[in-house]
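A.B. asks: After the structure tokens below, expect a handful of questions from me.
The values are calculated or read from the model by the stated rules, or taken from the named source; none is laboratory data. For clarity, every value in this text was computed on a predicted model and none was experimentally measured. Virtual Cβ from ideal backbone geometry, glycine too; neighbours counted across all protein chains shown.
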């Protein structure tokens, strides 16, 4: 039931983004920072496939980019889980992230920062 509800919310927003000139892509390019080790990594996260980085798992549900003839931008709907948290509160982020405005909706985590770079 929870998955059906998520799909019902996700599909209209994704369809709206595509109707507004966005192009759906099969993977997201993410920049991830481990604040403890100062390690910055660029990850390629295919849609609907959990991608691990340290204790977090990132699942990108949709990734849209602007067409090549427009100002570059990307947005991705993702869920981020932390394996060190209790089962009931593992999801630490769920929502849209924008490449050009990362502060608009960002992951608030004591160890990790995640940012969308592009959709490929």
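A.B. asks: Please state which one of 52, 14, 38 is under 15 Å from the mean Cα position of the chain (by Cα) and modelled with pLDDT of 75 or more.
C.D. replies: Details: 14 fails: modelled with pLDDT of 75 or more; 38 fails: under 15 Å from the mean Cα position of the chain (by Cα).
Being under 15 Å from the mean Cα position of the chain (by Cα) and modelled with pLDDT of 75 or more holds for just one of 52, 14, 38, which is 52.
A.B. asks: Does any residue of the stretch 49-65 turn out to be crowded, with 16+ Cβ neighbours inside 10 Å, over 13 Å from residue 93 (Cβ atoms) and in contact with a helix residue (DSSP H, G or I) (Cβ under 9 Å, 6 or more places away or on another chain)?
C.D. replies: Scanning the stretch 49-65, I find at least one residue that is crowded, with 16+ Cβ neighbours inside 10 Å, over 13 Å from residue 93 (Cβ atoms) and in contact with a helix residue (DSSP H, G or I) (Cβ under 9 Å, 6 or more places away or on another chain), so the answer is yes.
A.B. asks: Taking the condition of being in contact (Cβ under 8 Å) with a residue 40 or more places away in the chain, under 19 Å from residue 43 (Cβ atoms) and either in contact with a helix residue (DSSP H, G or I) (Cβ under 8 Å, 6 or more places away or on another chain) or outside any strand (DSSP E or B) (or both), how many residues in the stretch 97-120 meet it?
C.D. replies: Quick first cut of the stretch 97-120, residues in contact (Cβ under 8 Å) with a residue 40 or more places away in the chain only: 109-120.
With under 19 Å from residue 43 (Cβ atoms) added as a condition, the list becomes 109, 111-120.
Within this subset, residues satisfying the condition of being either in contact with a helix residue (DSSP H, G or I) (Cβ under 8 Å, 6 or more places away or on another chain) or outside any strand (DSSP E or B) (or both) are 109, 111, 115-116, 120.
Result for the stretch 97-120: 5.
A.B. asks: Would you be able to say whether some residue in the stretch 72-94 is surrounded by fewer than 18 Cβ atoms within 10 Å (Cβ to Cβ) and under 9 Å from the mean Cα position of the chain (by Cα)?
C.D. replies: Among the residues of the stretch 72-94, at least one is surrounded by fewer than 18 Cβ atoms within 10 Å (Cβ to Cβ) and under 9 Å from the mean Cα position of the chain (by Cα), which makes the answer yes.
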